[in-house]
Structures are given as C-alpha cells and as structure tokens.
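Notes follow the structure.
Each value in this text was obtained by applying a stated rule to the coordinates, not by laboratory testing. Bear in mind that the values here come from a model prediction, so they are computed numbers and not experimental data. As a convention, Cβ positions derive from the backbone with ideal geometry for all residues, glycine included, and neighbour counts pool all protein chains shown.
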Amino acid sequence: MKLLVCAALLLGAGCDKKSSSTDVAGLGKYKFTTTTLKQVREGVCQPTELTDGRKGTWCFQLPGFKIGNAVAEMDLYFLGTEPDAKLIEIQVKVRGCNEVELDQWMRSALGTPIESKATRAYWKNKYLWAAALMPSEPARCLVHLLPITENSEIDRIKMK
C-alpha cells in the first residue's frame, strides 16, 4: 500500500519530504541506484530479450496505482536473469490517460521538463532520464524511466 501512496505522490523519492526532484532515482521502492531482481517480490518475472539484443528479465503484473483518475500499471526491466541483475527500465502504462494530469504528475515529481513537444516531454536528473508519451496511442500514455547510462535505449525512445 505504501508504494501506491508514495508513487502517486512523488516519483521515486519515497515519502521523505527532504528529497527533491533532483534526488529521484526511480519510482516508489524501485530505484536505479539500488534495486536488483532478487528484491522484486510481487508480480511475475520472466526472461526476455531486450530491444538491443541483451538478455534481460521483464517483471509485470505489479501493483497498479492512480495518476489522476487513470489507472497506471508498472513494468520493470532488468539487465540479465541473475538475482543481482540491475534495474534498467521502469515503464508506466496509463490507461484512460488524461495528458494534462500525467504532465502535472510528472512535473510535481521531476520538475520542469528539459524538452517538450506536442505529444511528449523529457526529464533528466543525475540518476534518470524520463519520457512521457502523451498519448502513445489513443487513450493511453506511456512513461519510460531509465538510468542515464542507458544511452542507446534513450536514443531509441526519442526516435519513436
């Protein structure tokens, strides 16, 4: 339950009011700086091939949360299949997405975007890069959060 409350309030900074948007390193309890595959206790995790051909693990059916009036689902991607595999992407799929509510939610967690276009916005801090595709398809928005070291994936997402 804490994940749902904290995720809805602040992307990744937990419920610590001392944290600022520049400190955000993930979403809820999932942080690029510390989370490994062995820490995922909910949902389903299975091996996958990442878009660039690397071996990875995809975790899905994790607890959802709300962004405004819309339901958000989270997927996690890890580099490798071993228990110590590092978190390399958090995807948030927002069904029935209201672009204004999503944009406000992202801004409250990450501040002003580094770039905005008609259907997307990008954020970056010392830990992560984020893209909100608003909408990615009708009535659905997609948010990608990646560690800033994932340059090829960041470039791929920008090209979508």
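What to note about this one:
- Neighbours of T33 by Cβ distance under 11 Å: Lys/Arg scored +1, Asp/Glu scored -1, total +2.
- Full-stretch length increase - D52, E137 - with 0.36 nm per residue and alpha-carbon distance subtracted: 28.3 nm
- Full extension of the chain segment joining T34 with K117 gains 26.7 nm, where the gain is 0.36 nm per residue of separation less the Cα-Cα distance.
- Measuring between alpha carbons in the structure, the pairs from K117/K158; K38/K93; K29/K55 lying more than 21 angstrom apart are K38/K93; K29/K55.
- Computed from the Kirkwood radius of its Cα pairs, the Stokes-Einstein diffusion coefficient for segment 35-159 at 37 °C and 0.692 mPa s stands at 219 µm²/s.
- Ordered by the count of other Cβ atoms within 10 Å of each Cβ, fewest first, C45, C141 give C45, C141.
- Here's how it looks for A85: its modeled amide H is under 5 Å from those of L37, K38, which are all 5 or more places away or on a different chain.
- Taken along the Cα-to-beta-carbon direction at a fixed 7 Å, the label points for Q104 and I148 span 3.0 nm.
- Fewest-first ranking of V40, V24, V94, using other Cβ atoms within 10 Å as the exposure measure: V40, V24, V94
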